[in-house]
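For reference, the structure is listed below as structure tokens.
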Amino acid sequence: MQKYGLIGYPLRHSFSIGYFNEKFKSENIDAEYVNFEIPSINDFMEVIEENPNLCGLNVTIPYKEQVIPFLDELDKDTAKIGAVNVIKIIRQPKGKVKLIGYNSDIIGFTQSIEPLLQPHHKKALILGTGGASKAIYRGLANLAPLKLSTTDLRTWASKAYSYHAQRKMTNFSLMKN
């Protein structure tokens, strides 16, 4: 049986285990999904070593950036984003393991926004500066010659009701939170 899972800490908020196990069952896929709640990123390789059937992992907070030094390779966009949320595990001869990091947020966002982009979309404001915001920034940069701006959500929210902030918001034809 193949095994997939999620690393992060804490994981009690995650719905992934139920979702993926139900999906595997309904699709007749011989696989299971397991949560690996690791209190330190230094426990990551232990998860890989102790689970020989593990084929892939999702990554959540706080390890999306911290896991990168443990990986052998990142795809091009993920390297630019600097945040990983999917790891492909390739088992090689003689017990060697190859770990490849991806960021699925860029794929999901790009595929959902691309059909909506119009020529009048010249500037985009991205509210937030975390891993998902970085993926959105990279996705927009790949798709269109837009002028991109980001802002920390807390800073923006604290100024959102000021006249200056409201005027600045009207300068953007595309905003994403």
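Values in this text are rule-based calculations from the coordinates and carry no lab data. Computed from a prediction, not measured in an experiment: that's the story for all the values here. With ideal geometry, Cβ positions are generated from the backbone for all residues, glycine too; neighbour counts draw on all protein chains shown.
A few points about this structure:
- Which of 121, 13 has the fewest Cβ neighbours within 10 Å, and the rest in rising order: 13, 121
- Fraction of alpha-carbon pairs over 20 Å apart in the stretch 8-135 - percent: 54 percent
- All alpha carbon pair distances within the stretch 66-145 were sorted into 5 Å bins beginning at 0; the resulting P(r) in whole percents reads 3, 14, 23, 19, 15, 10, 7, 5, 2, 1, 0, 0.
- Contact order normalised by residue count of the stretch 65-112, Cα under 8 Å, 6+ apart, percent: 39 percent
- Here the convex hull built on the C-alpha positions of the stretch 2-50 has a volume of 54 cubic angstrom per residue.
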